[in-house]
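> Attaching a single structure in structure tokens format; questions to follow.
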Amino acid sequence: MHVFEAKKLYDQLKVKCHPDRFVEPDMNKLANELFQEITRNQNNYSKLLLLKKEAIEKLNINF
């Protein structure tokens, strides 16, 4: 149903939340955990929306 939207959101999240973007060890660890969760849910649009919110809150990412 939301295949196109899920792919688009997944592509945004995998770039913005990639652990290599975070140098500080604590942030890198959070980014790594979030990135793994994003990868596991790459076709689940509703879960990706929740992960986006989590990325904004925990990693201070702007979309």
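Each reported figure results from applying straightforward, stated rules to the coordinates on display, with no laboratory input. In this text, all values refer to a predicted model and were calculated from it rather than measured experimentally. Reconstructed Cβ throughout: ideal geometry from the backbone, glycine too, with neighbour counts over all protein chains shown.
> Top mean-square fluctuation among Lys14, Lys29, Lys52, Gaussian network model of the chain, C-alpha springs under 10 Å?
Per the Cα network of the chain with a 10 Å cutoff, Lys29 tops the list.
> Quick one: order Arg21, Arg40 by neighbouring beta-carbon count within 10 Å, fewest to most.
Working: Arg21 14, Arg40 11.
Sorted ascending by nearby Cβ count, the order is Arg40, Arg21.
> Averaging sequence separations of C-alpha pairs under 8 Å and six or more residues apart, then dividing by the length of the chain, give the relative contact order as a whole percent. Intermediate results must be reported in sequence, preceding the final value.
Details: 58 pairs, mean separation 24.2, N = 63.
Value for the chain: 38 percent.
> Same structure, new question: Calculate for the chain the 222 nm mean residue ellipticity that helices alone would give, adding -39,500 (n - 2.57) per DSSP H run of length 4 or more and normalising by residue count, nearest 500 deg cm²/dmol. Walk me through the numbers on the way to the answer.
Working: 3 runs with 45 residues, N = 63.
Mean residue ellipticity at 222 nm (helix-derived): -23500 deg cm²/dmol.
> State the label only: which of [x] 1.39; [y] 1.72; [z] 1.04 corresponds to Cα Rg over 2.2 N^0.38 Å computed from the shown model?
Correct label is [z].
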